[in-house]
Ligand SMILES: Cc1ncc(COP(=O)(O)O)c(C=O)c1O
């Protein structure tokens, strides 16, 4: 048989999906694994959003929509960006709607990358970034941030990784997996280097609404000099508990959106029509559901950070946003793959090994707190029971 795709052969599968799959298989075999590996909210999509989808289907939104998205959703996104992000975009030329933020990231990377271009990303990072860069023909270049200073972004750290082939920098705040929220000083550092080296910036704001303790999201596209070089990626999955609806978007200068639209229209055609109608209802409708879910994640964070730190041998930083904890196990000689394996087998608690988030995270495990308090309480009890053997 002839050789299959070398490019696809080179990229890893999704680590978080692998953990969730293992938990699913163990549960199917009669175990009681608490799955803290994935990033899927335990809330159901709010009723008024579901009702809008049913109404859309009944009203015939079951046909091909325009490839960039339906006008109602494009307008809702532009209004949301003006309202929440202080970013003005033209709905007809500067937004493309995608099946999930994941595809929006792929569109963004594919639209700016030529073979051999280096794409910088801040590490620890969501595990899909490096393979996505490779798939777009670019070379992934990690900018490693250190747990010693709570993963602070500095201009010097980014600058040290810039070369004359650098094309773009990917930034994710609130961050998966660290839970950090970018400060004004850190945003300034990103802007400084982007302007100095003429870099595009991909701003992944998917956890924008999940921020705790009066912090606020800073949208890089709103900062001086950044509108023409920022590609903002966002979506409905996390804030509105809509992971299965597959709904995200890319907002960027018109020329970039034009290229992204060629890729979408030649591959997936568009996102799902009725998902867009439901999402427009979500963005235009009452936002208390988002605030309520965020408040619930904050409570779970408070409980979990304290409970994990009370276990001997576990160290867990407080988090500022998103819904993941990223504890380490200072006394253990095991690496994160080994710890994850031990925890799923001995405690029946599934977490994602830190190594999936970058080379500097090898002693950490990521636990999602988008699970019920009941599951979180049980997982802490189990962790406390096995910790002495870690
Ligand atoms: C940082 C980050 N970006 C993007 C996504 C993609 O989200 P979706 O494709 O569900 O919109 C995720 C999902 O876990 C994420 O953690």
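Structure above, values below:
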item	result
Evaluation of residue 301 against (1) part of a loop (DSSP other than H, G, I, E, B); (2) away from the ligand (no atom under 16 Å from the Cβ); (3) touching a strand residue (DSSP E or B) at 6+ places or on another chain (Cβ under 9 Å) (one fails), failing number	(1)
Output for segment 336-362, where each listed residue is assigned to a loop (DSSP other than H, G, I, E, B), in contact with a helix residue (DSSP H, G or I) (Cβ under 7 Å, 6 or more places away or on another chain) and surrounded by 20 or more Cβ atoms within 10 Å (Cβ to Cβ)	351
Of all residues making up segment 112-150, the number that are buried (at least 20 other Cβ atoms within 10 Å of the Cβ), without any contact (Cβ under 8 Å) to a residue 40 or more places away in the chain and more than 19 Å from the chain's Cα centre (by Cα)	1
Residue count for segment 229-250, restricted to those that are surrounded by fewer than 24 Cβ atoms within 10 Å (Cβ to Cβ), near the ligand (Cβ under 7 Å from one of its atoms) and within 14 Å of residue 174 (Cα to Cα)	0
Segment 325-334, subset over 20 Å from residue 126 (Cβ atoms) and touching a helix residue (DSSP H, G or I) at 6+ places or on another chain (Cβ under 8 Å), residue nearest to the ligand (Cβ to nearest atom)	329
Given (1) surrounded by 15 or more Cβ atoms within 10 Å (Cβ to Cβ); (2) more than 16 Å from the ligand (Cβ to nearest atom); (3) part of a loop (DSSP other than H, G, I, E, B), index of the condition residue 177 fails	(2)
Evaluation of residue 214 against (1) at pLDDT below 95; (2) within 23 Å of residue 45 (Cα to Cα) (one fails), failing number	(2)
Residue within segment 314-324 that is at pLDDT 95 or above, away from the ligand (no atom under 16 Å from the Cβ) and part of a strand (DSSP E or B) present	yes
Members of segment 49-100 that are within 23 Å of residue 290 (Cα to Cα) and over 26 Å from the mean Cα position of the chain (by Cα)	51, 54, 55, 56
Condition broken by residue 375, with the remaining ones in (1) more than 16 Å from the ligand (Cβ to nearest atom); (2) assigned to a loop (DSSP other than H, G, I, E, B); (3) at pLDDT 95 or above satisfied	(2)
Selection count, segment 28-74, where residues are within 27 Å of residue 107 (Cβ to Cβ) and without any contact (Cβ under 8 Å) to a residue 40 or more places away in the chain	2
Members of segment 89-111 found to be away from the ligand (no atom under 13 Å from the Cβ) and either more than 27 Å from residue 164 (Cβ to Cβ) or buried (at least 22 other Cβ atoms within 10 Å of the Cβ) (or both), listed by number	89, 90, 91, 92, 93, 94, 95, 96, 111
Residues of segment 186-217 classified as outside any helix (DSSP H, G or I), within 20 Å of residue 88 (Cα to Cα) and away from the ligand (no atom under 16 Å from the Cβ), total	2
Hits in segment 117-161 - residues which are farther than 20 Å from residue 177 by Cα, away from the ligand (no atom under 16 Å from the Cβ) and either not assigned by TED's automatic domain parsing to the domain that holds residue 199 or not in a loop (DSSP other than H, G, I, E, B) (or both)	118, 134, 139, 155, 156, 159
Residue list for segment 254-267, restricted to those being out of contact with any strand residue (DSSP E or B) (no Cβ under 8 Å at 6 or more places or on another chain) and touching a residue at least 12 places away in the same chain (Cβ under 8 Å)	254, 258, 259, 263, 265
Residue match in segment 257-269 (condition: within 16 Å of the ligand (Cβ to nearest atom), farther than 18 Å from residue 168 by Cβ and crowded, with 21+ Cβ neighbours inside 10 Å)	yes
Where residue 234 falls short, out of the listed (1) over 25 Å from residue 292 (Cβ atoms); (2) outside any loop (DSSP other than H, G, I, E, B); (3) in contact with a helix residue (DSSP H, G or I) (Cβ under 7 Å, 6 or more places away or on another chain)	(1)
Subset of segment 333-363 [in contact with a strand residue (DSSP E or B) (Cβ under 6 Å, 6 or more places away or on another chain) and over 21 Å from residue 207 (Cα atoms)]	336, 337, 339, 340, 343, 344, 349, 350, 360, 363
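The values are calculated or read from the model by the stated rules, or taken from the named source; none is laboratory data. This one's a predicted model, so the numbers in the text were calculated from it and none came from an experiment. Don't worry about glycine lacking a Cβ; one is built from the backbone with ideal geometry, like all the others, and counts go over all protein chains shown.
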